[in-house]
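So the structure is just underneath, and the comments pick up after that.
The values are calculated or read from the model by the stated rules, or taken from the named source; none is laboratory data. Since we're looking at a predicted model, the values are computed, not measured. All Cβ positions, even for glycine, are placed from backbone atoms using ideal geometry, and neighbour counts span all protein chains on display. Accessible surface is based on the protein model in full, side chains and every heavy atom, while ligands, DNA and RNA are left aside. Shrake-Rupley method; radii C 1.70, N 1.55, O 1.52, S 1.80 Å.
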Amino acid sequence: MRRSTAGVLDADALVPLRIARFERHDPERVIRVLEPLVLDRRRERLLGVIDSRLASVTVLFDAPHDPFNGAAVVRSCEAFGVQTIHVVERKEQFLAASSVARGAQKWVDVVRHASSSEAVETLRASGMALVGAHPAGELLPEDLASIPRFALVLGNERDGITAELEAACTHRVRVPMRGFVDSLNVSVTAAILLDHAVRARRGDLSAQDRRRLYARGLYFSVQKAESVLTLSDT
């Protein structure tokens, strides 16, 4: 049971205390106060990365168990510019190993759902098609680039995608295999499929989300940022 391994973050710790403190501030005020304290190259780096972030691709992870897989999927989302990951905590709380996430949890928004139906409703309301990762999928990885807005649905490591979620998927996508095995570890599957999905996409976060992430980046870049913001009130 790896869920008790040292260094595993619970779902609340996926939003570190510093982010929770930051979220209490108005992003525009954070930018106004902290931006002059950050080097030009750091500001350019933040803006460049944020400019390529995506809202049109997301991940829906169905009842993940292994915290190492959870962290690896979060890290892949961060690496490929996917801003949000949705998690169905159908069986147990979502956990992620900090040694694998390596800080990716600071930049990716994790949205937790108590049920599959809640997750489906949320994603459909935002115009997302659901595409399930499945060894017998009719789509190939490169086909994902042509879907305007979609959520890549990943199943539980042992049981796969629940029947309710599979029924909600409009398509299924597979990773072609040349060997004797017919599937990959879920985190490897996620990385391969996200790589193909995002290649031709330009950043499409809303202006509000871009400013929010920029403010978060400035907050993490300034030592004792909380104290600086507090002193600016006086």
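Between A55, A129, A207, the Gaussian network model of the chain with springs among Cα atoms under 10 angstrom shows the greatest mean-square fluctuation at A207.
Accessible surface comparison of K224, K91, probe 1.4 Å, protein chains only, largest first: the order is K224, K91. Distance distribution P(r), the range 149-234, all Cα-Cα pairs, bin width 10 angstrom from 0: 12, 28, 24, 19, 13, 4, 0 percent. The protection proxy used here, the mean number of other Cβ atoms lying within 10 Å of each residue, ranks peptides 38-50, 193-205, 148-160 as follows, highest first: 148-160, 193-205, 38-50. So which residue, out of A119, A133, A20, gets the largest mean-square fluctuation from a GNM of the chain using Cα contacts under 10 Å as springs? With Cα springs under 10 Å in the chain, the top fluctuation among A119, A133, A20 is at A20. Shown are R211, R24, R216, whose ranking by accessible area with a 1.4 Å probe and every protein chain present, most to least, is R24, R211, R216. Among (1) 18.7; (2) 13.8; (3) 22.7, which one is mean projected area of the Cα convex hull in nm² computed from these coordinates? Answer by label: (2). Give the angle, between 0 and 90 degrees and rounded to the nearest 10, that separates the Cα long axis of helix 207-221 from the longest principal axis of the Cα atoms of the chain. Long axis of 207-221 versus the principal axis of the chain: about 60 degrees.
For the chain, the longest principal axis of the Cα atoms and the long axis of helix 67-79 meet at an angle of about 70 degrees.
A Gaussian network model of the chain, with springs between Cα atoms under 10 Å, assigns the largest mean-square fluctuation among R124, R178, R212 to R178. Seen from every direction in turn and averaged, the convex hull around the alpha carbons of the range 47-159 projects onto 7.4 nm². Relative to its residue count, the range 175-222 spans a Cα convex hull of 118 Å³ per residue.
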